[in-house]
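Some notes on the structure that comes next.
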Amino acid sequence: MEAVKIQDVSVNDLPWKIQYQPERCTMCGSCVAACTFNAIEVAMERRSITVSTGHQPEPSQRHMATPVIKQKAAVANACVGCGMCEKVCPNNAIKPMRNPDSRINCLNRSGGTTVKRGGRASLNSADRTLDKIVVGRISQMTDPALDSERHTFDILAPFGRVLLPHELPLKSNGEELTLSGHTPPVRWIYPVIFSDMSIGALSTRAWEAVALATAYLNEKHKLPVRMCSGEGGMPVKLMQSEYLKYMILQIASGHFGWNRIIKAMPHMKVDPAGILIKIGQGAKPGDGGLLPAAKVSKTVQSIRGVPKADLLSPPNHQGLYSIEESVQKMFMSMNAAFKFRVPVAIKCAASATSVSVYNNLLRDPYKICGGFFIDGIQGGTGAANEVSLDHTGHPVVSKIRECYLAAVKQGRQGQIPLWAGGGVGLTGNAAADAFKLICLGANGVFIGKILVQLCGCVGNEHGRCNACNTGNCPAGICTQNPRLVKRLDIDKAAQNIVDYMLALDSEFKKLMAPVGNSSLPVGRSDALVTTDKAIADKLAIQYVC
Amino acid sequence: MCRIGAIKSKVAFHPSLALHLMLPQQEGHDNSGFAMVMQDLEGVFAKYKDKPLLSLACTQKGAAMVEHFMETNNFTPLYEWIPRGVRQPGLDIKAMPYYIFRVYDYPEHYRTATQEAKEELLLDTRLALRELLEKEENGFVYSFWPDVLTLKEIGDPRDIAVYFKLWDNTGDLMAKNVVVQCRQNTNYEIVRYAAHPFFLQGYTLCANGENTFYTKNKEYQKSLHRGYIGFESDSQNFLYTLHYVLKVLKWPIKYYKHVITPLPFDEIAKRPDKRELTAIRQSLGHLEINGPNTIIAMLPDGRMMTCCDSKKLRPVVVGGDGTTIAISSEVCGLNQILPHRNQELDVYPNEREVVVITRELEVERWKQ
Ligand code: SF4
Ligand code: SF4
């Protein structure tokens, strides 16, 4: 008998175990073909069976080599629990099961390098502040509630720098006011932005699905939803089309894709909806961006003008060392590039210092920062160090509130619109999350992960899949592998997003109606209550029990 | 729901007219209070039209504190009218010991000051008095302004009238303009300051209804002007925004409606003045008022206005007979005081409409 090598990896050390029922299996091989992680293989097993063939029982033992489906006992091929095998199996013979005895955290780091993963943080997501807050001021007798089916609602949020009333260049002749002079551009858009997910992080098809949904929502449903390109630019054709007006162009710390954007500028028919300068991202603050070489396809190479290599965006914009400097250099140049016609906003990871940044922006003498996007820990990412994904970051809710209240103190609320993201829609209901964040002071929210889920992503916060960094996305969403990308049905994905947004819009109305508001309840913290004393104290909302 | 009203007349009238306007509308209020602001005074105050008149309710100690404060700050008392309450048993009224209506002369060094400087002084003085009296609840100071008298009391309006002898038209207390409200504020504790109408630097306003953007308005207004304090009622926001738009920003009156109930964006987009309206809407978003409401306001120059929420969830009617015009929550009030007017000419303002009564008693209406 072979000596037991106790340090060998066994299936029981991996996070997911395949449950296989050979008696159901017809060896069609579908599961093996479907598994993008190469976690299962066809193997031969020696089986002994008892058979009796005569008229009377005459059992006899027979030994034979039988083909079976077997899970590989290798960390590199660990099953991620995506369930594709289960989906394709015609006989219900196979499925992944979570393995509570997994030793993966010890095994993973065997090469001496950090573990990379995509998807979402597996910690910090169970206990959500937003779920402990409810809309508690329901007007029925005092303030008659509106009827969400019959009344009209004005569901729009600003993107752009808003001036204080006395700063507006208004002239009065006693009867009329006339606006003379320039005011910073402000776009009134739907309070839900499709968050920045680049081509590269997403497959071209997934990106196209989101873009398609954006255009459809605008053109067909008159819902002015905007989509952010993500770092890395976008197709020249799109930049030269009318649809550019629905797009927010992103510049991030890697500055990928900006060459092409700048070259396309003279040919742009319309202005983009805005510029978003991404300083940091909430799911992995301090890590910067990472597009693993595995995902740098030909298309990505040509859009970004890069070779097939890991593409790293630094954790900050190198060369800028203070908020003031950022304001002056970055905002100025971005504003000037589009001749001060396009609002320029900034996106930072939520952090203990978010309020300081916001205060600084509010005091910016040039009045050009067109929005402060705060991204919280509960968001997702295409690729990150696991240690960052799970162990760094800051929840967004209290940060939004603090920033809003800091503005209230200075009488400057609303001047730099606040946008919140990072886990909005985590439990599936983005409208409720958005509504609560808006009551706490946000002007709008940005969503990303839930869009990916609408495209068919099977990952979750409990460690399922989250293999977005590998290039093996089983749903074809965040891979550039042409064979896998084809798994994604663009039209279906776009349709799901459109449907979800239409439902969200109705849900918004359902929430606005009982509190008696026909426009967005920005800062209406009086409408919210919580059964958690600590949350009540921290957010300055009513404690109820 | 409160009941509110206003009367504007070419001839001075007695406050009993205001009571007659309000009392028939009793279904809509709960007899918990009565308050009014009178402007363009005749009777005993006729001679002092350009001198500031202090209206306050206080304790004995409060009266002394006020006297001392005013003296130290070089205001000279010119005339005072102190109603002696009829303290008969059974009256439903929570009276303060003293009601003082006292006319002062400006401090010596202010007599040549600009109008603006005087207005700031009057505000600062009222705020200082309020702070002084507030600490130990020694009194409430409602207004300090030339030609304006404010009376507020908690209790049954009928009994309040008995107490202040408001049923007997002695000719002492007469005015050409009055804004009046029955009932106290229900949303918050019943405090004297919470009773409408509210007053600030010549602007008087009372509202019937709710403001669901109260918190949002308040958070913004607090930093806009030192006079925006108190916030005992969600309706105070209406006054402060009126004051802010007309007096601080010095915008034409029609923009008040564009601030409190801005047009929806798609309607703004269709208008020739869309740039201005968009700029206003985005800049003053925190002064928007939501919820069912009607307001009646009186401006420093004596004009009156009324408008309602964008969905017109609260009623209001304007009617007159050529000499007197009244604005009222319900038409029964008008029928009581102006029975012979031509009812067909009554105006029921629509949503998105503003009605202004000019000094010449012309009724101007315009669509927002
Ligand atoms: S669950 Fe996914 S990763 Fe695991 S074996 Fe099945 S297809 Fe492969
Ligand atoms: S299905 Fe694709 S996008 Fe979703 S977690 Fe897995 S790899 Fe990532």
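The values are calculated or read from the model by the stated rules, or taken from the named source; none is laboratory data. Owing to the predicted nature of the structure, the values given are computational and were not obtained by experimental measurement. Cβ placement follows ideal geometry from the backbone for every residue including glycine, while neighbour counts extend to all protein chains displayed. These accessible areas exclude ligands, DNA and RNA; they are computed on the full protein's heavy atoms, side chains included. Shrake-Rupley method; radii C 1.70, N 1.55, O 1.52, S 1.80 Å.
Tabulated data for the structure shown
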read-out: The stretch A:437-451, subset open to solvent by less than 20 Å² (accessible area, probe 1.4 Å) and more than 14 Å from chain B (Cβ to nearest Cβ), residue farthest from ligand 1 (Cβ to nearest atom); value: A:LEU437
read-out: Any hit, the stretch B:225-232, residues being aliphatic (A, V, I, L, M), within 19 Å of B:LEU200 (Cβ to Cβ), in contact (Cβ under 8 Å) with a residue 40 or more places away in the chain and open to solvent by 20 Å² or more (accessible area, probe 1.4 Å); value: yes
read-out: Residues that are buried (at least 21 other Cβ atoms within 10 Å of the Cβ), more than 6 Å from ligand 2 (Cβ to nearest atom) and aliphatic (A, V, I, L, M), drawn from the stretch A:465-484; value: none
read-out: Yes/no for B:ALA175 being within 21 Å of A:SER518 (Cα to Cα), part of a strand (DSSP E or B) and touching a strand residue (DSSP E or B) at 6+ places or on another chain (Cβ under 6 Å); value: no
read-out: Test for A:SER48: is it away from ligand 1 (no atom under 15 Å from the Cβ), within 24 Å of A:ASN91 (Cα to Cα) and more than 14 Å from chain B (Cβ to nearest Cβ); value: yes
read-out: Any chance A:THR178 is within 10 Å of another protein chain (Cβ to nearest Cβ) and open to solvent by 30 Å² or more (accessible area, probe 1.4 Å); value: yes
read-out: Selection status of A:VAL458, closer than 30 Å to A:LYS17 by Cβ, crowded, with 22+ Cβ neighbours inside 10 Å and within 11 Å of ligand 2 (Cβ to nearest atom); value: no
read-out: Number of the exception - A:TYR190 against (1) in contact with a Lys or Arg (Cβ under 8 Å, 6 or more places away or on another chain); (2) closer than 17 Å to A:VAL344 by Cβ; value: (2)
read-out: Strands (runs of 3 or more DSSP E) (entirely within the stretch A:157-262) containing at least 3 residues that are within 30 Å of A:ILE438 (Cα to Cα) and not hydroxyl-bearing (Ser, Thr, Tyr); value: A:157-160, A:186-189, A:192-194, A:247-251
read-out: Helices (runs of 4 or more DSSP H) wholly inside the stretch A:11-121 containing at least 3 residues that are away from ligand 2 (no atom under 15 Å from the Cβ); value: A:30-34, A:104-107
read-out: Residue match in the stretch B:66-85 (condition: on the phi < 0 side of the Ramachandran plot, in a loop (DSSP other than H, G, I, E, B), surrounded by 14 or more Cβ atoms within 10 Å (Cβ to Cβ) and modelled with pLDDT of 95 or more); value: yes
read-out: Sole residue being aromatic (Phe, Trp, Tyr), open to solvent by less than 80 Å² (accessible area, probe 1.4 Å) and modelled with pLDDT of 95 or more, chosen from B:TYR110, B:TYR106; value: B:TYR106
read-out: Qualifying position, being free of Cβ contacts under 8 Å to residues at least 40 places away in the same chain, within 26 Å of the chain's Cα centre (by Cα) and within 29 Å of A:ARG401 (Cα to Cα), among A:ASP127, A:ASP131; value: A:ASP127
read-out: Filter pass, B:LEU263 being at the interface with another protein chain (Cβ under 8 Å from one of its Cβ atoms) and assigned to a loop (DSSP other than H, G, I, E, B); value: no
read-out: Residue that is farthest from the other protein chains (Cβ to nearest Cβ) [pool: residues in the stretch A:456-477 that are under 21 Å from A:LEU290 (Cβ atoms) and more than 12 Å from ligand 1 (Cβ to nearest atom)]; value: A:GLY471
read-out: Selection count where residues are away from ligand 1 (no atom under 13 Å from the Cβ), within 25 Å of the chain's Cα centre (by Cα) and of a type in the set (D, E, K, R), scope the stretch A:77-124; value: 3
read-out: Breaking point among (1) open to solvent by 30 Å² or more (accessible area, probe 1.4 Å); (2) at pLDDT below 95; (3) within 14 Å of another protein chain (Cβ to nearest Cβ), for B:VAL162; value: (3)
